[in-house]
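The values are calculated or read from the model by the stated rules, or taken from the named source; none is laboratory data. This is a predicted model, so every value here is computed, not measured. Cβ atoms come from the backbone with ideal geometry, glycine included; neighbour counts cover every protein chain shown. Accessible surface areas use protein heavy atoms only, side chains included; no ligands, DNA or RNA. Shrake-Rupley method; radii C 1.70, N 1.55, O 1.52, S 1.80 Å.
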Amino acid sequence: MNNNLIPLNQLPTGSSGRVKMLTAKGLIRRRLLDLGLINNTIITSLMRSPSGDPTAYEIRGTVIALRIEEASKILVESI
Amino acid sequence: MGLTNQSTGIGTLKEMFELDIKSSDGIVLALAGNPNTGKTTIFNSLTGLNQHTGNWPGKTVTNAQGNYSYLNQKYVLVDLPGTYSLLANSVEEQVARDFICFGNPNVTIVVADAICLERNLNLVLQVMEISNNVILCVNLMDEARRKKINIDLEKLSALLGIPVVGTSARSGEGLVELKEIIRKVAYGEINPKPINVKYNKIIEDYIKEMEPTIQENFDDKVKSRWIALHLIDSYHPVSEFHIDNANIQLINNNLLKVKSNILQSKFESEYLSTEKFNDLIVSNIVEHAEYISNQVVSINNKTYNNFDRKIDNILTSKILGIPVMIALLGFIFWLTIEGANYPSKLLSYFFTSLELKLSDILIWIKVPLWLHDMLVLGIFRTLGWVVSVMLPPMAIFFPLFTLLEDLGYLPRIAFNLDYYFKKACAHGKQALTMCMGFGCNAAGVIGCRIIDSPRERLIATITNNFVPCNGRFPTLIALATIFIAGDRENYISIIAALTILFAIITSVFITLIISKLLSVTVLKGLPSSFTLELPPYRKPQIGKIIVHSIFDRSLFVLGRAVSVAAPAGLIIWFLANITIGEISLITYIAQILNPFASLIGLDGYILLSFILGLPANEIVIPILIMSYMSTGSIMELSNLEEMKLLFVENGWTWLTAVCVMIFSLNHWPCGTTLWTIKKETQSWKWTFISFLLPTIVGIILCFIVAQGVPLIMN
């Protein structure tokens, strides 16, 4: 496994990452894929909600909020 | 506890969706699309119906059906729930997929958002796999132009192999063209030839092996390629999701099952797991969508959504996010209270003079005195009161609230509050259903369908009643104005608005606490996954908002209030005029209730009004007023000042008002809401719990306040 990979929730706001792996299973995995989070998709962390969770991400031109539980199952390579 | 999909949602949705469409009715069109793409606006523009729209995903949870005629041909349009995909397994997706597959629509129109076409193409490509007669409608072209996003529609059409129409449904642009294309496809003048997603070789091999068997067994209503693809799907084999469907009974087709199983294990052993196989399918579709999007979309202004980000950074910021939200809500309440004053007086004056005329006419045509009293003093006066007190605040509050909705602020509220809902082990979208509850709890309960997990849907359903619907706002506003704000001349509206704001915040807290309580007791479980789209802010259509919120919402609520208040007025009149011994029946009942009511800071009449107000919360205060007038009807009660006098005469203090407000916020849901809960949950048990829970909370809170405050004060 690549050591440069970090879970999406650790991506600082304002920076972008490239999706490398989903560790989610079943329906959540399918949902994430449906949002377009396939290999090499670029994702940008936009802002955190007032309490720090969920975080809004830009994915393929859309803004999607993900809770830490889901975001931590998306491994990205920081770019 | 029977907490299955069947009992808590899908069953209901399916029931709602058993549309009785006969081919003789006309040409059947299915309207599919991602959530929040203006699908409902297209539906409304085509059919002339007024489905409520709002800039937040998941607005359409029930399926609407409407008709229109074009060139002497009748078309039946079915508005499917918005979905991002047909592959996952939420209720909405199942319903949409089943209808496209087995509802036999002549044409399926997929509505896509021009601003994020790529994401929308995912669904378009999936629908094209099911059916050939697909039209793509790229909506919100005006917003795209505003953001300098260009879309080459002709090239898009060529790349997809289906007709593509660009529209701006809100202004009507492109709708005639859309109707014409629909006609041509329906009549076979245009034969769309969808270009398939080219899958990875492994998958294509599999399809090739499966297709002949499928073709032998089925007619061509559903494409064999699609059936092949989804037979292998580990989450929802095709055979499962249309088990009821008489047309195609895959489940009974053992041959096919066996073959698919053999192939599946073959592929698993030779190449990859089912999960990877499925990943590949989705990835291939997404890649294909990306490829097409790159070919047809050109963005001239890369910073097009910077403005949205700037607004978001304020509205959802760590420091300002929640204060801005509260301030905005407070401002809306203030504007409602301040603005409603004058028109309320005017209306009340109007009804008083009308009442005199009505009375004159009735006397002139020589109706008996009892009938005159019953009609004028019983029914008409109550009606007049309801209209003049309720209409002005609603006519201000609804458009303002709709404005926030139209702008796209509600998903931001959900974003801001999600953390707390997660802590309560509830679903993030519960914040959205809660917002719907502010309009009408019954609507909020129906809205709970946007929540997939049955457990969390039940929590949202049961707790929806904790936020005040607009039937309760007038009560809160009136009491806050006369008792809490009282004599502080210059600040009445501000204090009243702050009081209501406080009440709302409290109700949100109670919602969270009760949700948590349910989560650790009868509805144990962890929060399920959820993704929430924060749509781009849209320019609101002020004119439409005003017209729609006044005519569709305000008058609807008012109509309900009036239709319930009129018979209630009649009953009250009877209760007050039938006497047992010395006292009227109403006083008799109130005296029975009084000992208990006093414990919780109310009195017998108040409690009786809440009980009689079961059909609709709107009529609690009118009933109370009528009850207090032991002579049997409202006297010259033309404004709030006189209402206060009446209440004070009957022993009210500010503490009574506080208790009434608390009880108004926390008591049984109205009849309509209860009926809706029964319908949605298919269970008397949950309906009863929904009835009991807020009532107990209300009684406890009122008891604490009524007994505790005097102790502290002394």
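Miscellaneous remarks
- Solvent-accessible area lost in complex, 40 Å² minimum, residues of the stretch B:408-428 relative to chain alone, 1.4 Å: B:Phe415, B:Tyr419, B:Lys422
- Two-site label geometry, A:Lys25 and B:Ser598: point separation in nm, points 7 Å out along Cα→Cβ: 6.3 nm
- Size of the stretch B:386-495: Rg and Dmax of its alpha carbons, in Å, are 16.1, 50.
- Taking only the Cα atoms of the stretch A:5-78, the ratio Rg/Rh comes out at 0.92, with Rh defined as the Kirkwood radius.
- Between the stretch B:89-148 and the stretch B:344-368, the Cα center-to-center distance that results, in Å: 56 Å
- Cβ-Cβ distance of B:Gln541 and B:Lys345, R₀ of 22 Å, FRET efficiency by 1/(1 + (r/R0)^6): the value works out to about 0.10.
- For the pair B:Leu356 and B:Ile571, the difference between a 0.36 nm per residue extended length and the Cα-Cα distance amounts to 75.2 nm.
- Fraction of accessible area attributable to carbon and sulfur, the protein assembly as shown (%, probe 1.4 Å): 62 percent
- Exceeding the 21 Å Cα-Cα cut-off - candidates B:Lys423/B:Lys678; B:Lys516/B:Lys679; B:Lys39/B:Lys544: B:Lys423/B:Lys678; B:Lys516/B:Lys679
- Accessible area per residue for the protein assembly as shown is 40 Å², calculated with a 1.4 Å probe on protein heavy atoms, without ligands, DNA or RNA.
- Centre separation in Å (Cα based) which lies between the stretch B:659-688 and the stretch B:380-431: 18 Å
- Listed pairs B:Lys310/B:Lys422; B:Lys201/B:Lys276; A:Lys25/B:Lys208; B:Lys74/B:Lys179; B:Lys193/B:Lys223; B:Lys310/B:Lys539 exceeding 18 Å between Cα atoms: B:Lys310/B:Lys422; A:Lys25/B:Lys208
- Antiparallel bridges, percent of DSSP beta bridges restricted to the protein assembly as shown (to nearest 5): 65 percent
- Computed on the stretch A:5-78, with alpha-carbon pairs under 8 angstrom and 6+ residues apart, the relative contact order is 45 percent.
- Distance from the alpha carbon centroid of the stretch A:1-47 to that of the stretch A:64-79 works out to 5 angstrom.
- Accessible surface buried once B binds A (1.4 Å probe; total of both sides; Å²): 3600 Å²
- Estimated dipole of the protein assembly as shown in Debye, rounded to 20 [Cβ of Lys and Arg +1, of Asp and Glu -1, Cα centre]: 1040 debye
- For the stretch B:431-449, there are no residues whose amide N sits under 14 Å from a probe point set 7 Å from the Cα of B:Leu335 along the beta carbon direction.
- With R₀ fixed at 41 Å, the C-beta to C-beta distance from B:Lys366 to B:Glu582 puts the FRET efficiency at about 0.80.
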